[in-house]
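Okay, so here's the structure we're looking at.
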Amino acid sequence: DLLPADGILIQGNDLKLDESSLTGESDQVRKSLDKDPMLLSGTHVMEGSGRMVVSAVGLNSQTGIIFTLLGSSEHDEEKKVKKGKL
């Protein structure tokens, strides 16, 4: 399952996530209440189950922030190219 929002784990059972879409790391990351309870949007649940309290959605999530930054840098590059041609 794909996580649609950022949140904090409040209950979990052998939860492992694939965070490669954000970190590039191919290893599955174990999540628990004691260690690393932060769940990020755009990551995939590979094993286990859990419940979380949603802390951010859309443009306010980590994935949204990354896409916004990538979009703004792409937009800035287009402006530079257009100014160079004038």
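None of the figures in this text is laboratory data; all of them are computed from the coordinates on show. Here the structure is a predicted model, which is why all the values come from computation and not from measurement. Note that we place each Cβ from the backbone using ideal geometry, even for glycine, and neighbour counts take in every protein chain shown.
Suppose the chain between Asp27 and Met46 were pulled fully straight at 0.36 nm per residue; how much longer would it get relative to their current alpha carbon spacing?
Working: separation 19, 0.36 × 19 = 6.84 nm, distance 1.09 nm.
Between Asp27 and Met46, full extension yields an extra 5.7 nm.
Work out how much length Leu69 to Lys35 would gain on full extension: take 0.36 nm times their residue separation and subtract the Cα-Cα distance, in nm to one decimal. Don't jump to the answer; show the numbers that get you there.
On the way: separation 34, 0.36 × 34 = 12.24 nm, distance 2.88 nm.
Taking Leu69 through Lys35 to full extension adds about 9.4 nm, to one decimal.
Taking amide H atoms as placed 1.01 Å from N in the peptide plane, the amide H of Gly42 lies under 5 Å from those of Leu3, Ala5, each 5 or more residues away in sequence or on another chain.
How about region 9-48: which trypsin sites (Lys or Arg not before Pro) there lie in a loop by DSSP and see at most 12 other Cβ atoms within 10 Å? Don't jump to the answer; show the numbers that get you there.
Details: sites: Lys16, Arg30, Lys31, Lys35; in loops: Lys35.
Hits after loop and neighbour filter: Lys35.
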